[in-house]
Amino acid sequence: MRSSAKFLLMAASLMLLASGVFAQDYSETRDDGQPDVTARVARISKLKGDAQIRRRDALEWEQADDNLPLVEGDELVTSNNARVEIQFDRSTYLWLDGDAAIKIETLTDQGIAVSVPRGSAAVKAENFDKSRSYFEIDAPSTTIAIERSGLYRIDAGYDQNDAVLVSAMEGGQARIYSQSAGLTLHSGRRARIYVGGDYAGEAEVEGILSSEDRFADWFNDRSEKIDRDIASAYYGRYYDDDMYGAEDLDDYGQWSYTSSYGYVWRPYLSSISSYANWSPYRYGQWRWLPPYGWTWVNDEPWGWATYHHGRWIWVNGYWAWTPYGYYRSGRSWWRPALVYMTVYNNDICWYPLPYHYGYYNYNYHYWNGHYGGGHNGNGGNGNGNGSGNGGGNGGNPNPTPNPTPGVLGPTFIRDNVPPLQTVPTGGVVAVSRDQFGSRRPNIQPPLNVAKDVVRSVREGSSTPPLLPSGNGINGSRPGPMVVKAPAAAEWLDTIRTGAAVRTPRAPLDNTLRTRSHPRRQRDLDARSRTKPSRTEFASDGSGRQAAAYGRRSASRSAKPRQQRGNDGARASAYADSSAEYSEVRRDTEVRTASEVAAADRAAEHAATGCSALRTTAAAAL
């Protein structure tokens, strides 16, 4: 009898568990609580023309869109005449020209590494501190490690034997490595790195002449626009540095103060007038984003920050956005979307997550725990300037005008406010299950359905709906998300980028800087004089002779050396050698003890040669 009772109790418990009564709490009572997945996210902040993207471990290519999130491992290819702007955080951008490709090798708070196997790219890094993070670009057989804030351009060419061009501007400085050696490139200079042929591993360094083209015009215009937007943004006042992209909002709406929510942002009527019956999370699409799962990509040109942080609230008869929910005490985390989801009949319905609700993890079923870790759990050391969606010190975690309580405990934050009181029925959006994740337009369900969706109080233990599988991105899911592979995809994986094999999530600069190479022998008279426009990397990676290259090559004669019997030629050779020695000493940039020793050895060798020539010249005279 007792055994039967125990069996019935266990059966009842299983039934209740299956029905969701004892389901795990999928809401997070605090917005600043660390989520299940913390991988760092970048975005396509501007797209002109067509571009295709392939996610990590995916077989198929997808169409790229504005505000599409990017994560570590993504590859992006642009069509002819297309342009792409990628924003990594509030002060780091990358621009990609048409007929070009890029892969995000590393995207963490500790650093960023990208490869550019084809075409032209430019990078803008402000407030960069190499002691706290790194930004590296791999081109064919070449690695560029940024050392200072500035603007950089990389032209990788379109053939595996094309030379790689690297330019440093606006105060920038970078270390450039080939597969055998390296040099330091200073602002206002351009390096040409030879990838193949007889001069593979060598470089020419020269001043940047007027070489403007349409790509340069575009990224310079975008850079100036970004500078203006950042200068007028409200970082540290209405929102913190983790909400990068919020600087877009000032062009499309205005901020106003409310007693209940503090400063909120409302889009201008002109910003939403082209959308019929506009409401948040209606115009856009759900895209599968490893490792997060289903993620909202909005159609509006603005809105990156508003759809991945904070809350949309219905106040005084209009929709407005507040950067924070009811409770927060620390940094802000990027979320795939801030909505509540449910299934009604065969439709998947959602609405903006109310102000008093904790984040609802509707992707819980699909997160497998194998990703994440792009952020430090406590906000990390970031990129040294508080930038990034998980980097830095999180900026100012408590902007002064925001009245959000900072001391209330989790017991005050329960999902006990009926959504019908805070979410209008017009804010409910629906799509049939078989069209979820497609480009089909989302709809507003009938009024009775919308009321049913928002009428009941949501329990904290509500089980997220079982959404359609997103792993069909590998080819099994048909439809508009998958596009034809770009022509460049056939050879993209065959191009070797980087000066050495890159260790995942680690800078390559340290490895390249400390490695030793056999010293190449160089006949200055027979080789450098006949080819004054080409100089070899210093074999110890210091690049000192390349730093003096520009001034030396302009003054040195291209004539071959005369016979030994010519006394004037001997004196001329002595003068040239003395000038070489002086230039090397003056332009030497000493960084480490080993480099000091190498520099002294080079100087001693040059001095010995000068002394011998001096003796010979004196004897001749």
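The values are calculated or read from the model by the stated rules, or taken from the named source; none is laboratory data. Quick caveat, the model's predicted, so the values are computed rather than measured. Heads up, the Cβs are rebuilt from the backbone with ideal geometry, glycines too, and the neighbour counts pull from every protein chain shown. Accessible surface is based on the protein model in full, side chains and every heavy atom, while ligands, DNA and RNA are left aside. Shrake-Rupley method; radii C 1.70, N 1.55, O 1.52, S 1.80 Å.
Some points to look at:
- Once the stretch 113-133 is narrowed to residues that are touching a residue at least 60 places away in the same chain (Cβ under 8 Å) and open to solvent by less than 30 Å² (accessible area, probe 1.4 Å), the residue that is farthest from residue 39 (Cα to Cα) is 120.
- Some residue of the stretch 300-311 being under 28 Å from residue 430 (Cα atoms), surrounded by fewer than 20 Cβ atoms within 10 Å (Cβ to Cβ) and within 24 Å of the chain's Cα centre (by Cα): yes
- Number of residues in the stretch 152-167 that are out of contact with any Gly (no Cβ under 6 Å at 6 or more places or on another chain) and assigned to a strand (DSSP E or B) equals 7.
- Elements of type strands (runs of 3 or more DSSP E) contained in the stretch 198-297, each with 1 or more residues being open to solvent by 20 Å² or more (accessible area, probe 1.4 Å), closer than 30 Å to residue 360 by Cβ and not charged (D, E, K, R): 253-258, 262-267, 284-289
- One residue stands out among those in the stretch 134-159 that are among the aromatic types (Phe, Trp, Tyr), farther than 19 Å from residue 203 by Cβ and at pLDDT 95 or above: the one that is surrounded by the fewest Cβ atoms within 10 Å (Cβ to Cβ), which is 134.
Conditions tested, residue by residue: (1) farther than 29 Å from residue 243 by Cβ; (2) at pLDDT 50 or above; (3) touching a strand residue (DSSP E or B) at 6+ places or on another chain (Cβ under 6 Å); (4) surrounded by fewer than 17 Cβ atoms within 10 Å (Cβ to Cβ).
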{"site": "402", "(1), (2), (3), (4)": "no, no, yes, no"}
{"site": "405", "(1), (2), (3), (4)": "no, no, no, yes"}
{"site": "408", "(1), (2), (3), (4)": "no, no, no, yes"}
{"site": "417", "(1), (2), (3), (4)": "no, yes, no, yes"}
{"site": "428", "(1), (2), (3), (4)": "no, yes, yes, no"}
{"site": "436", "(1), (2), (3), (4)": "no, yes, yes, no"}
{"site": "451", "(1), (2), (3), (4)": "yes, yes, no, yes"}
{"site": "456", "(1), (2), (3), (4)": "yes, yes, no, yes"}
